[in-house]
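Take a look at the structure below.
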Amino acid sequence: MSLKNNIMKNNTKIGLIFIAVFAMVFIRGCAKDSCGDGICQVGEEKRGSCPEDCDSAKVFPDTRWTYQDLPALTNQQRLNLAVEAKKEGDAYSEQVIMEAEELSRELEDYIRKWLDGKVDAELPKGLLPPYIDSVKTHDWKLVNPDEITAEEQWYAMNMYDPQEELHQHAVDPHVTYLKLIFIAPFGSKLLIEGDFPHCRFMDYQILEPLDPGHPVTGNMGVGEVAIVDADIEPDEGHVNPFRLGADRNAKKRHYHITFELKKGNAVDLNPEAMIAPAYRAKGNTRVGGPFGFAGPWGGNELVPSIVWLRYYAPDKDAEPYGNVPWPKATLQLSTGEKFWLTCDKSKAVKDQTATVPQRPTPPIEPSNFQGSNFGWFKMYGISLLYAEADTFNKLTPWDSEEEIEKMKKNLRDIFQLLFNRGADAVPPGNYEVSATCCNYISYLIRPISLGKNKVIVLTGKLPTFPGTRNGEEEMTSGEVRYFSITHLQGGGGLGTTLYTGVPHGSLMDDEIITNEDGEYVIVFSREQDRPKNAIKKNNITWQDWGPAGRQNLNLRWLSVRPEWYLPEYAPDEKNIPWDKGAWSGQNYDFSLVGQNKPGVMGPYHPVIHYMTKEEFEALGSNIDPNDVPDWNKNNE
């Protein structure tokens, strides 16, 4: 692709500014080692000071975890490409569109010849760009849709028990993720039919329409285009079990949905469905992309498109796929002819679904950054979150307010430059949700460490939710559709992590014990440090912290509004706008969720306590959440 050769060779003023910015944030910010966190920081790698983080042979060989392959570039080359794109302006976008349209025309011409019996089913080498026909997705072949099974089209990242096996990608272990990799010409349609699963929540999310102004590279960039379960109109005579008051166990539960495959701005092409934070629209049609554009971070390459299908919390007798067959997909040309394009995606599947080994790290006390006063980060993109957390973690007492604000502005400028994302960006770049995240979830993240003979305690009020996992007959309303708290080792984002978000445990809403007021006390500890009174009989939810001392808490708050929504307290972008909720935001308000006490979430804010095993045992039985002592700084 010609754009990948546009790396600047002249050190222009703007290029030097952004390269300096990048170095300040991502190299200066990593000056202190954090060995054992599963993250290979730039400084750690250069100094060789943390082999447990940076020796990939000891961790998980070839952990490039995305479904697509991308060129090997230095960060400076990526920044140079982004600066050049900004400099070229409209000419840059026009070049991307021109190359994408050329690919589309050549692909459609070949498909039509195959349909007429004039060419082989196997696409010839050179027809597809190198990062569509890549080590991750290669040997593309045309097939009759009736001659391929759904299991051959999709692959699954299944729900699992972290006590039995470990996986990467910061997934929620209560969820099965089905993924569909595909390509097609512009103007085609992706047709999907299936049965509504027996589970708490389902949604489809397709890669945005091809848009050079909003590139997506792995988990970096704008969010996908979604259609949520309750909005899908069932086939005539069938039932959508996700609608309020519906029969969840209806036998006839079939549906058809359509994705039109186009280029353009996702909001313009989905004027109702892509309005945050609801993402609701009538009808079974959405507009997505036939392939993706990876932007400067991905070398300006075209990559395959993808559909995510999430099954949250399947009924207990319906795990892991909701007790329904996998949905069937068909591609259709603008003139109605149907086909499918399959490929060898075995490496992509292996990289995304393989188990990973345990990486025990010793008990460690929380750092000052993780201490008693700090609450939660609100996520406005996976990579931005980790960049914010890393920068915040490396602040020093001698950093002035002016210096800190400069660092925040640098972060804002970098992500605006690379992905056109930020509080002031053009929609959907200013939306809370980012690539690979569920559009209906607000995510809160909290790094924390666990010392020897210590316990982490969370208290708060649990939002109400519909009961589903025991096969309940009726879908009821709630303050959320789903809620969970996951603790995981390692991070992700910006391609510096060898061990990416490995959950060691997770608690979903119906696993959390509450008192008559809906309040909970959750205790995390190592098995040998479990307090004697941390038992169900005492209304205490206990979970093993696992072998890693340093982990992150990840809260998922899933709203499908208005039926499953708590408007006053939901931690969404309506109550916590980007410029006030992101640590790097221009008007960051620490009081919203950043303090370790209730803010905008009121009683639903999870307050974090830290103490010895003996101190918790001294609280006795039938513990009132309000009686759990505040985090004692002497215990840090």
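Pairs are defined by a Cβ separation below 7 Å, a sequence spacing of at least 6 or placement on different chains, a first member in segment 59-72 that is modelled with pLDDT of 50 or more, and a second member that is of a type in the set (A, V, I, L, M, F, W, C); the pairs so defined are 67/181; 67/306; 67/348; 68/303; 69/135; 70/294. Taking segment 261-279 as the range and being assigned to a strand (DSSP E or B) and open to solvent by 30 Å² or more (accessible area, probe 1.4 Å) as the test, only 263 passes. Could you look through segment 587-625, keep only residues that are in a helix (DSSP H, G or I) and out of contact with any Ser or Thr (no Cβ under 8 Å at 6 or more places or on another chain), and pick out the one that is surrounded by the fewest Cβ atoms within 10 Å (Cβ to Cβ)? Of everything passing the filter in segment 587-625, 614 is surrounded by the fewest Cβ atoms within 10 Å (Cβ to Cβ).
Selection of first residues in segment 549-564 that are farther than 17 Å from residue 273 by Cα and in a loop (DSSP other than H, G, I, E, B) and of second residues that are of a type in the set (A, V, I, L, M) and open to solvent by 10 Å² or more (accessible area, probe 1.4 Å), restricted to Cβ pairs under 8 Å at least 6 apart or on distinct chains, gives the following pairs, ordered by first then second residue: 549/364. A single entry from 472, 516 fulfils the requirement of being surrounded by fewer than 20 Cβ atoms within 10 Å (Cβ to Cβ) and under 26 Å from residue 246 (Cβ atoms): 472. Selection of segment 245-268 for residues being among the hydrophobic types (A, V, I, L, M, F, W, C) and either at pLDDT below 95 or more than 27 Å from the chain's Cα centre (by Cα) (or both) yields 246, 250.
Given the residues 143, 171, 135, 175, which is the only one that is in contact with a strand residue (DSSP E or B) (Cβ under 9 Å, 6 or more places away or on another chain), at pLDDT below 95 and among the β-branched types (Val, Ile, Thr)?
Just a single option satisfies the conditions, and that option is 171.
Within segment 343-383, the set of residues being polar (S, T, N, Q), more than 26 Å from residue 161 (Cβ to Cβ) and either open to solvent by less than 40 Å² (accessible area, probe 1.4 Å) or assigned to a loop (DSSP other than H, G, I, E, B) (or both) comprises 367, 370, 372, 373, 383.
The condition of being open to solvent by 10 Å² or more (accessible area, probe 1.4 Å) and of a type outside the set (Asp, Glu) holds for only one of 462, 444, 450, 458, that being 462. Sort through 610, 588, 604 and tell me the only one that's touching a residue at least 40 places away in the same chain (Cβ under 8 Å), of a type outside the set (D, E, K, R) and over 30 Å from residue 430 (Cβ atoms). From the options 610, 588, 604, the qualifying one is 610.
Of the strands (runs of 3 or more DSSP E) that lie entirely inside segment 157-217, those containing 1 or more residues that are open to solvent by less than 10 Å² (accessible area, probe 1.4 Å) and among the small types (Gly, Ala, Ser) span 189-195. Would you call residue 443 in contact with a Ser or Thr (Cβ under 9 Å, 6 or more places away or on another chain), touching a residue at least 40 places away in the same chain (Cβ under 8 Å) and hydroxyl-bearing (Ser, Thr, Tyr)? No; evaluated as a whole, the condition is false for this residue. Restricting attention to segment 626-636 and to residues that are in a loop (DSSP other than H, G, I, E, B) and at pLDDT below 80, the residue that is surrounded by the fewest Cβ atoms within 10 Å (Cβ to Cβ) turns out to be 632. Among residues of segment 106-122 that are under 19 Å from residue 332 (Cβ atoms), those with a beta-carbon under 9 Å from a residue that is open to solvent by 70 Å² or more (accessible area, probe 1.4 Å) at least six positions away or on a different chain give the pairs 108/334; 112/118; 112/335; 114/120; 121/141.
Out of all the residues in segment 68-114, which are of a type in the set (S, T, N, Q) and buried (at least 18 other Cβ atoms within 10 Å of the Cβ)?
Of everything in segment 68-114, those that are of a type in the set (S, T, N, Q) and buried (at least 18 other Cβ atoms within 10 Å of the Cβ) turn out to be 68, 80, 95, 104.
Do the conditions hold for residue 584, that is, is it assigned to a loop (DSSP other than H, G, I, E, B) and open to solvent by 40 Å² or more (accessible area, probe 1.4 Å)? So residue 584 does not fit the description; no.
Considering segment 425-438, the residues that are in contact (Cβ under 8 Å) with a residue 40 or more places away in the chain and over 20 Å from residue 593 (Cβ atoms) include one that is surrounded by the fewest Cβ atoms within 10 Å (Cβ to Cβ), namely 426.
The values are calculated or read from the model by the stated rules, or taken from the named source; none is laboratory data. All of these numbers come straight from a predicted model, not from anything done at the bench. Using ideal geometry, Cβ is built from the backbone for each residue, glycine included, and neighbour counts are taken over all protein chains shown. Note: areas computed on protein heavy atoms with side chains; ligands, DNA, RNA excluded. Shrake-Rupley method; radii C 1.70, N 1.55, O 1.52, S 1.80 Å.
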